Amino acid sequence: MSAGNAEENLTKISAYISKLPALPVTVSKILEIANNPNTSPVDLNRVISLDPVLMARVMKLINSAYYGVTNQVTSLARAIIMLGINTVKNLALSTAVLGNLSKKEDFQALNMNGFWRHSLSVGVLSKLIARSRGIDPKILEEYFIAGLLHDIGKIPLNNTLTTEFVRAMSQADRDRRPLFQTEGEDIGFDHCRAGLIIGLEWKFGDEILETIKCHHSLESCAEDHADLVYTVALANCYVNLSGIGFSGSRYPEKIPQEVMGRLGISWDSLESMHGELILEIEKAKIFLKAGEK
């Protein structure tokens, strides 16, 4: 792959992403105020209430089996207090992103259902790993959302550079190598680079940007976000090897032992979560439905 071809492919990807619908103004405002340490539930309630469609989606998720709320929540203000500002922020972001990126015409080579099942599974397992390690419940949803969105760069590759992307998937299968490596050879860059362009365009938080950018290059991630990135990378490896959904990569890279050690997670402990993972994936499918227009 020549530098010229890589640059040309990058231009095509950037043009495609620039034409994607912008995230709703409400979601951008939610991200802005939720990142302000002085924000209160009242502030978030006021913004979400101005967008009836978003409010309905968020309430649908809050009352789903995924969150296991015993009694139906009918008040957004109560939901924000129960789940926390960070969780509600991530619900709003995920439904908006899924609404913009879940069109069948955007999936020329990858199977859409297989791709989103993979993505959901990585999000669910990331959250299960984080919970098993005693991570603060207030930020558990960040692990789910980072896992859910880690591979979004594959969508523009799949839709815009279909021939090259199929060739990269075939090469990865033949060579039994990770897909991101053959993407670099056939396209000139990988889905992490493409995903980062989307994340910057839509103003994702630093933790999600870092996960998208570094889940295949753990050595380069910022220390502040290492726990999240390592967790998503481990979940991604397990889900790929388990064949849950399909991300286009059947032969993921091995997770370094020092990463497993830092997280305090063994492969046996991951396998012990498998039954719960399958159950939680079924519950998490509500995210895909909530993102439908």
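The values are calculated or read from the model by the stated rules, or taken from the named source; none is laboratory data. What you see is a predicted model; the values in this text were computed from it and never measured. In this analysis, Cβ positions are derived from the backbone assuming ideal geometry, glycine residues included, and neighbour counts consider all displayed protein chains.
Scanning region 83-94 for any residue that is in a loop (DSSP other than H, G, I, E, B), closer than 22 Å to Ile152 by Cα and under 19 Å from the mean Cα position of the chain (by Cα) turns up nothing. Scanning region 205-236 for residues that are within 11 Å of the chain's Cα centre (by Cα) and of a type in the set (A, V, I, L, M, F, W, C) yields Ile208, Leu209, Ile212, Val232. Just to be sure, is Gly245 closer than 20 Å to Leu128 by Cα, not in a helix (DSSP H, G or I) and not β-branched (Val, Ile, Thr)? Considered against the rule, which asks whether it is closer than 20 Å to Leu128 by Cα, not in a helix (DSSP H, G or I) and not β-branched (Val, Ile, Thr), Gly245 comes out as yes.
Gly68 meets each of the listed conditions (1) on the phi < 0 side of the Ramachandran plot; (2) modelled with pLDDT under 85; (3) in a loop (DSSP other than H, G, I, E, B) apart from (1). The residues listed here are Glu280, Glu253, Glu258; of these, the one that is touching a residue at least 60 places away in the same chain (Cβ under 8 Å), acidic (Asp, Glu) and assigned to a helix (DSSP H, G or I) is Glu280.
Residue check, Gln108 against (1) closer than 28 Å to Asn86 by Cα; (2) touching a helix residue (DSSP H, G or I) at 6+ places or on another chain (Cβ under 9 Å); (3) part of a loop (DSSP other than H, G, I, E, B), all met but one. Which one? Of the numbered conditions (1) closer than 28 Å to Asn86 by Cα; (2) touching a helix residue (DSSP H, G or I) at 6+ places or on another chain (Cβ under 9 Å); (3) part of a loop (DSSP other than H, G, I, E, B), the odd one out for Gln108 is (1). Could you list all residues from region 7-34 that are buried (at least 16 other Cβ atoms within 10 Å of the Cβ), over 11 Å from Lys89 (Cβ atoms) and in contact with a Gly (Cβ under 8 Å, 6 or more places away or on another chain)? Within region 7-34, Asn9, Leu10 qualify.
Among the residues of region 42-65, those that are crowded, with 18+ Cβ neighbours inside 10 Å and touching a residue at least 24 places away in the same chain (Cβ under 8 Å) comprise Leu44, Asn45, Ile48, Asp51, Leu54, Arg57, Val58, Leu61, Ile62. May I ask you to verify whether Gly184 is in a helix (DSSP H, G or I), of a type outside the set (A, V, I, L, M, F, W, C) and buried (at least 21 other Cβ atoms within 10 Å of the Cβ)? In short, no. Within region 35-52, work out how many residues are at pLDDT 85 or above and either in a helix (DSSP H, G or I) or closer than 19 Å to Thr95 by Cβ (or both). Total meeting the criteria: 12.
Of the residues contained in region 232-254, one or more are found to be under 24 Å from Ala96 (Cβ atoms), surrounded by 22 or more Cβ atoms within 10 Å (Cβ to Cβ) and hydroxyl-bearing (Ser, Thr, Tyr).
For region 113-148, a residue qualifies if it is of a type in the set (A, V, I, L, M), buried (at least 21 other Cβ atoms within 10 Å of the Cβ) and more than 15 Å from Tyr238 (Cβ to Cβ), and the qualifying residues are Ile145, Ala146, Leu148.
With respect to Phe189, is the statement that it is more than 20 Å from Cys237 (Cα to Cα), modelled with pLDDT under 95 and among the aromatic types (Phe, Trp, Tyr) true?
Numbers: more than 20 Å from Cys237 (Cα to Cα): yes; modelled with pLDDT under 95: no; among the aromatic types (Phe, Trp, Tyr): yes.
When the stated conditions are applied, Phe189 does not pass them.
Among the numbered conditions (1) out of contact with any helix residue (DSSP H, G or I) (no Cβ under 7 Å at 6 or more places or on another chain); (2) touching a residue at least 40 places away in the same chain (Cβ under 8 Å), the only one that Leu91 does not meet is (1).
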